[in-house]
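Visitor: For reference, the structure I am asking about is given below.
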Amino acid sequence: MNTPAAPMPWSEAARDGDSPERRLFLESHVDLVRYAALRIASRLPASVELEDLVNDGVVGLLDAAAKYDPSRGVRFRTYAEARVRGAILDALRQRDWRPRSVRRGRREMDEAVGRLAGASGRPAGEEEIASAMGLDLETYRSLL
């Protein structure tokens, strides 16, 4: 079993689009992309393909290699982790038809339903859920 090589340190060659050094540099950081994709995938439905997340993360890695500024005193790996994660999340948002407000409302609703069911030991009714969320019944139903 091969263990991954240590990531190569960043150099100006990492910016050169066609250099063999850039390719080797990027390949040495693929574990960072895979790790970020796995962490994000663990919180997503099974219908989201891990390889799609990895591909989106590679876009972030390419961007990080091109825009990294070592004079800022931040390690490349630290900078790249943020760019990779951001690229994956941006791609997920682009593929999602629902706006963030709808997702947030759904998450709040799920939390309220869980709290109410845990407290009462039975499924909560619409009025109870709406009240727990601080909404009137009409607004709650529009979230549904």
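The values are calculated or read from the model by the stated rules, or taken from the named source; none is laboratory data. Note that the structure is a prediction, hence the values are computed from the model and not measured. Glycine also receives a Cβ, built like all others from the backbone with ideal geometry; neighbour counts cover every protein chain displayed.
Visitor: Would you confirm whether any residue within region 48-66 is among the polar types (S, T, N, Q) and modelled with pLDDT under 90?
Guide: no
Visitor: Next up: Here are the criteria: (1) farther than 30 Å from LEU137 by Cα; (2) assigned by TED's automatic domain parsing to the domain that holds THR139. Tell me which single one LEU50 does not satisfy.
Guide: (2)
Visitor: Going through region 4-43 one residue at a time, which ones are surrounded by 13 or more Cβ atoms within 10 Å (Cβ to Cβ) and not in a helix (DSSP H, G or I)?
Guide: Listed by number, the residues that qualify are PRO7, MET8, TRP10, SER11, ASP16, SER19, SER28, HIS29.
Visitor: Consider ASP69 against the criteria (1) exposed (fewer than 12 other Cβ atoms within 10 Å of the Cβ); (2) assigned by TED's automatic domain parsing to the domain that holds SER19; (3) touching a Phe, Trp or Tyr at 6+ places or on another chain (Cβ under 8 Å); (4) not aromatic (Phe, Trp, Tyr): it satisfies all of them except one. Which criterion is unmet?
Guide: Here ASP69 clears every test but (3).
Visitor: Among what's in region 50-61 and is acidic (Asp, Glu) and either within 10 Å of ILE88 (Cβ to Cβ) or touching a Gly at 6+ places or on another chain (Cβ under 9 Å) (or both), pick the residue that is surrounded by the fewest Cβ atoms within 10 Å (Cβ to Cβ).
Guide: ASP52
Visitor: Right, next: Within region 107-115, is even one residue among the small types (Gly, Ala, Ser) and more than 23 Å from GLU49 (Cα to Cα)?
Guide: Yes: one or more hits.
To keep it simple, each residue is scored yes or no on (1) in a helix (DSSP H, G or I); (2) surrounded by 12 or more Cβ atoms within 10 Å (Cβ to Cβ); (3) touching a helix residue (DSSP H, G or I) at 6+ places or on another chain (Cβ under 8 Å).
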| position | (1), (2), (3) |
| --- | --- |
| GLU81 | yes, yes, yes |
| ARG85 | yes, yes, yes |
| ARG103 | yes, yes, no |
| ARG107 | yes, no, no |
| GLU111 | yes, yes, no |
| GLY114 | yes, no, no |
| ALA117 | yes, yes, no |
| ARG122 | no, no, no |
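Visitor: While we're looking at this one, here's another question. If I ask for residues that are over 15 Å from the mean Cα position of the chain (by Cα) and not aromatic (Phe, Trp, Tyr), which ones from region 65-93 would you list?
Guide: Of everything in region 65-93, those that are over 15 Å from the mean Cα position of the chain (by Cα) and not aromatic (Phe, Trp, Tyr) turn out to be ALA65, ALA66, LYS67, ASP69, PRO70, SER71, ARG72, GLY73, VAL74, ARG75, ARG77, THR78.
Visitor: Continuing with the same structure: Consider SER47 carefully, then state whether it is surrounded by fewer than 18 Cβ atoms within 10 Å (Cβ to Cβ) and under 16 Å from the mean Cα position of the chain (by Cα).
Guide: Answer is yes for this residue.
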